[in-house]
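The values are calculated or read from the model by the stated rules, or taken from the named source; none is laboratory data. Please read all numbers here as calculations on a predicted model, not as lab measurements. When we count neighbours, we look across all protein chains shown, and the Cβ atoms used for this are built from the backbone with ideal geometry, even at glycine. Keep in mind that these areas ignore ligands, DNA and RNA; they rest on the heavy atoms of the full protein, side chains included. Shrake-Rupley method; radii C 1.70, N 1.55, O 1.52, S 1.80 Å.
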Amino acid sequence: MSFHNSHKLIFQCFRTAGTFQLTKPSRSQLKQAVGKRFFSNSNVVKMRFVQYKFKNDGPQRLGAQLSENGDIIEISAVKPSLPNNLVDFLKGGSELLNVAKSVVAEGRSIIRLSEVNILAPLTNPDKVICVGLNYKTHCDEQKKPYPEEPFFFSKFSSTIIGPNEEVKHPPNSRALDWEVELGVVIGKKCRLVSKDEANDYIFGYTVTNDISARDWQTPKKNNGQWLFAKSMDTFCPLGPSVVAKEFIQDPHDLTLTCKVNGIEKQNGNTNDMVHNVYDIVSYLSHCVTLLPGDVILTGTPSGVGVFRQPREFLKVGDVITTEISGLGKLENTVA
């Protein structure tokens, strides 16, 4: 029995008629093989939190993966005292996190990824805050100066959808656009913190796409306010997991890509941010109180449809693939 990166890669080797046959173990064999020996304390801090349902339906559950696309270690189903959603889990603070670490270390219930539908890993946060013009290349493609201070707008939390859910094309827009963005998830109440302290208040990171109706982002619509341009239904694909910050060596060195129907439209790196993650968290904390589960979309690199020549916009049937290195991939179809 060998271990490669994750328990999902454990295989059993049988000798049959003079040859070796490599087979994947059953769930019970998997649990027995993994046990406490594999899930060390150093491993369980690097969790990727997911919300999911079994394909035959049933209640939403909260679980963790130890690797991208890995099988799921059940958390809320094993420990009913733990919430089945990440926002309430984060509100419980370090006490609940320590309980979850113990549950994961025990590895009592392991579910194959193929058995479930992955939902958005985080739903109904108090705030979804977005940063505008925060990548130099995005400013350059608009011929705009780099902002001296970050500026913000918001999305309704109801815009959040999962990594494989459909983006609904609104009937009152003809200019639907894409924006790959790094999402920052706040882990604890955050108010008046310095840049040096900001990382202590971050729980983790996720992949997001700031879907935008560009024709609602003009002075003729909603008096120039961006709210509806950014907050129509399904305008915030998010996931597939929230990756604990310990998993990410440097949030300012991640590759972001967005493809439409397999054709690459955006390819950037978080090192191109005008204002980095810690600047943003600190700045916001001097304006509002950030709460556990709040999500901050930190801007997008160049390559959005509205500034391409000629302009390009999403249409029904298009498939948007949004990916950030180390965090995962979204694949959403426009319907």
(request) Determine the pairs where a residue that is over 17 Å from GLU68 (Cβ atoms) and acidic (Asp, Glu), located within the range 113-134, has a partner that is open to solvent by 50 Å² or more (accessible area, probe 1.4 Å) and not in a strand (DSSP E or B) with Cβ atoms under 8 Å apart, the partner being 6 or more residues away or on another chain. (result) GLU115/LYS55; ASP126/LEU291
(request) Go through the range 77-89 residue by residue and tally those that are touching a strand residue (DSSP E or B) at 6+ places or on another chain (Cβ under 6 Å), open to solvent by 10 Å² or more (accessible area, probe 1.4 Å) and either under 14 Å from GLU106 (Cβ atoms) or in contact (Cβ under 8 Å) with a residue 60 or more places away in the chain (or both). (result) 1
(request) Determine whether CYS190 is under 27 Å from GLY63 (Cβ atoms), over 19 Å from the mean Cα position of the chain (by Cα) and open to solvent by less than 10 Å² (accessible area, probe 1.4 Å). (result) yes
(message) Just to verify a result, which residue in the range 47-76, among those that are charged (D, E, K, R), more than 12 Å from ARG112 (Cα to Cα) and without any contact (Cβ under 8 Å) to a residue 60 or more places away in the chain, is most open to solvent (accessible area, probe 1.4 Å)?
(response) ASP57
(request) Please indicate, with yes or no, whether at least one residue in the range 290-298 is β-branched (Val, Ile, Thr), in contact with a Lys or Arg (Cβ under 7 Å, 6 or more places away or on another chain) and modelled with pLDDT of 95 or more. (result) no
(request) Taking ASP253 as meeting all but one of (1) assigned to a loop (DSSP other than H, G, I, E, B); (2) touching a residue at least 60 places away in the same chain (Cβ under 8 Å), write down the number of the exception. (result) (2)
(request) Working only within the range 260-276, note down all residues that are assigned to a strand (DSSP E or B) and open to solvent by 40 Å² or more (accessible area, probe 1.4 Å). (result) ILE263, GLU264, ASN267
(message) Looking at the range 248-271 only, could you name the residues that are closer than 25 Å to ASP200 by Cβ and touching a Leu at 6+ places or on another chain (Cβ under 6 Å)?
(response) THR270
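Restricting to the range 248-259, give me the number of residues that are open to solvent by 30 Å² or more (accessible area, probe 1.4 Å) and farther than 21 Å from PHE49 by Cβ.
Applying the first criterion (open to solvent by 30 Å² or more (accessible area, probe 1.4 Å)) to the range 248-259 yields 249-250, 252-253, 255, 259.
Next cut, farther than 21 Å from PHE49 by Cβ only: 252-253, 255, 259.
Within the range 248-259, residues that are open to solvent by 30 Å² or more (accessible area, probe 1.4 Å) and farther than 21 Å from PHE49 by Cβ number 4.
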(message) Which numbered condition in (1) under 15 Å from THR206 (Cβ atoms); (2) hydrophobic (A, V, I, L, M, F, W, C); (3) open to solvent by less than 10 Å² (accessible area, probe 1.4 Å) is the only one that VAL167 fails?
(response) (1)
(request) For the range 106-142, enumerate the residues that are more than 17 Å from the chain's Cα centre (by Cα) and either open to solvent by less than 10 Å² (accessible area, probe 1.4 Å) or of a type in the set (Val, Ile, Thr) (or both). (result) GLY107, ILE110, ILE111, VAL116, GLY132, ASN134, TYR135, THR137, CYS139
(message) Please verify whether PHE156 is open to solvent by 40 Å² or more (accessible area, probe 1.4 Å) and touching a Cys at 6+ places or on another chain (Cβ under 7 Å), treating the condition exactly as stated.
(response) no
(message) Checking the structure you have, find out if any residue of the range 211-234 is outside any helix (DSSP H, G or I), open to solvent by less than 50 Å² (accessible area, probe 1.4 Å), touching a residue at least 60 places away in the same chain (Cβ under 8 Å) and among the aromatic types (Phe, Trp, Tyr).
(response) no
(message) Quick check on my filter: what residues within the range 277-328 are in a loop (DSSP other than H, G, I, E, B), on the phi < 0 side of the Ramachandran plot, under 22 Å from the mean Cα position of the chain (by Cα) and surrounded by 17 or more Cβ atoms within 10 Å (Cβ to Cβ)?
(response) LEU291, PRO292, ASP294, THR298, THR300, PRO301, SER302, VAL304, ASP318, LEU327
